[in-house]
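Working notes, structure below.
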Amino acid sequence: DTAVSQTPKYLVTQMGNDKSIKCEQNLGHDTMYWYKQDSKKFLKIMFSYNNKELIINETVPNRFSPKSPDKAHLNLHINSLELGDSAVYFCASSQEGMKETQYFGPGTRLLVL
Amino acid sequence: AQKVTQAQTEISVVEKEDVTLDCVYETRDTTYYLFWYKQPPSGELVFLIRRNSFDEQNEISGRYSWNFQKSTSSFNFTITASQVVDSAVYFCALNTFADYKLSFGAGTTVTVRA
């Protein structure tokens, strides 16, 4: 009965490759997010989708492309991976609205070699 | 723009000591929400509490308590009688109507020694 799940949990890949991270939530939430946590543990939002529509797009290289096939799923595709992309990527979901609590997935640890 | 400052990078205590984590926020909005999350060594982010800007009542949940003071723009978190399982990184976060996104502080690493 996992609320927000992500796959894979770990991802080790070579520079230049393309990879995807999948996220699914079974909470019935309308809004989903991607966050990046760097090596200093700093958390920063990357994207947010509400009912499959992009509502937040922070200053993220266009090598990163989110895709929401339905409101329960938000995937992150990364092209031409670079060393600096190594981080932990968290998916989260919430009901619509800034007052709503965001619930996070377990994170995907990406290591680019 | 919104900003959250957690000035304490690391705190180390001995079990059963109390520990207080400071959180100072900046926003021009009058309507906003504050959150605390816990990230244990296993890595997941666990929601602890949400507080809106119109509710300055302090809150207690077991050994955890929160002190919200609008006058000083602070939302501090105290763990009473700390335990080893409290060892984690704790994040304070802010969401506002204008910005519509969650802004996190840099986190405070708490280490509780047996």
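The values are calculated or read from the model by the stated rules, or taken from the named source; none is laboratory data. A quick note: this is a predicted structure, and the numbers were derived from the prediction, not measured. Methodologically, a virtual Cβ is constructed for each residue, glycine included, from the backbone with ideal geometry; neighbour enumeration extends over all protein chains shown.
For this structure, a couple of remarks:
- Residues that are buried (at least 19 other Cβ atoms within 10 Å of the Cβ) and either more than 13 Å from chain B (Cβ to nearest Cβ) or on the phi < 0 side of the Ramachandran plot (or both), drawn from region A:104-113: A:Phe104, A:Gly105, A:Thr108, A:Leu110, A:Val112
- Restricting region A:34-54 to residues that are within 8 Å of another protein chain (Cβ to nearest Cβ) and under 14 Å from the mean Cα position of the chain (by Cα) leaves a set whose member that is nearest to B:Gln39 (Cα to Cα) is A:Leu43.
- In region A:2-32, the residues that are more than 10 Å from A:Gly105 (Cα to Cα), of a type in the set (D, E, K, R) and assigned to a strand (DSSP E or B): A:Lys19, A:Lys22
- Within region A:56-77, considering residues that are of a type in the set (A, V, I, L, M, F, W, C), more than 13 Å from chain B (Cβ to nearest Cβ) and in a strand (DSSP E or B), the one surrounded by the fewest Cβ atoms within 10 Å (Cβ to Cβ): A:Phe64
- Within the set B:Val84, B:Val110, B:Val89, the sole residue that is modelled with pLDDT of 95 or more and in contact with a Gly (Cβ under 6 Å, 6 or more places away or on another chain) turns out to be B:Val89.
- Selection within region B:9-20 - closer than 11 Å to B:Thr78 by Cβ and either within 14 Å of the chain's Cα centre (by Cα) or not acidic (Asp, Glu) (or both): B:Val19, B:Thr20
- Considered as a group, the residues in region B:21-43 that are of a type in the set (Val, Ile, Thr) and either under 9 Å from the mean Cα position of the chain (by Cα) or not in a strand (DSSP E or B) (or both) include one that is modelled with the highest pLDDT, and that residue is B:Thr27.
- Scanning region B:57-97 for residues that are touching a strand residue (DSSP E or B) at 6+ places or on another chain (Cβ under 9 Å) and of a type in the set (A, V, I, L, M) returns B:Ile60, B:Ile79, B:Val84, B:Val85, B:Ala88, B:Val89, B:Ala93, B:Leu94.
- Of the strands (runs of 3 or more DSSP E) that lie entirely inside region B:44-114, those containing 1 or more residues that are touching a Leu at 6+ places or on another chain (Cβ under 7 Å) and within 14 Å of chain A (Cβ to nearest Cβ) span B:46-52, B:88-96, B:108-113.
- Residue within region A:78-93 that is away from chain B (no Cβ under 14 Å) and in a strand (DSSP E or B) present: yes
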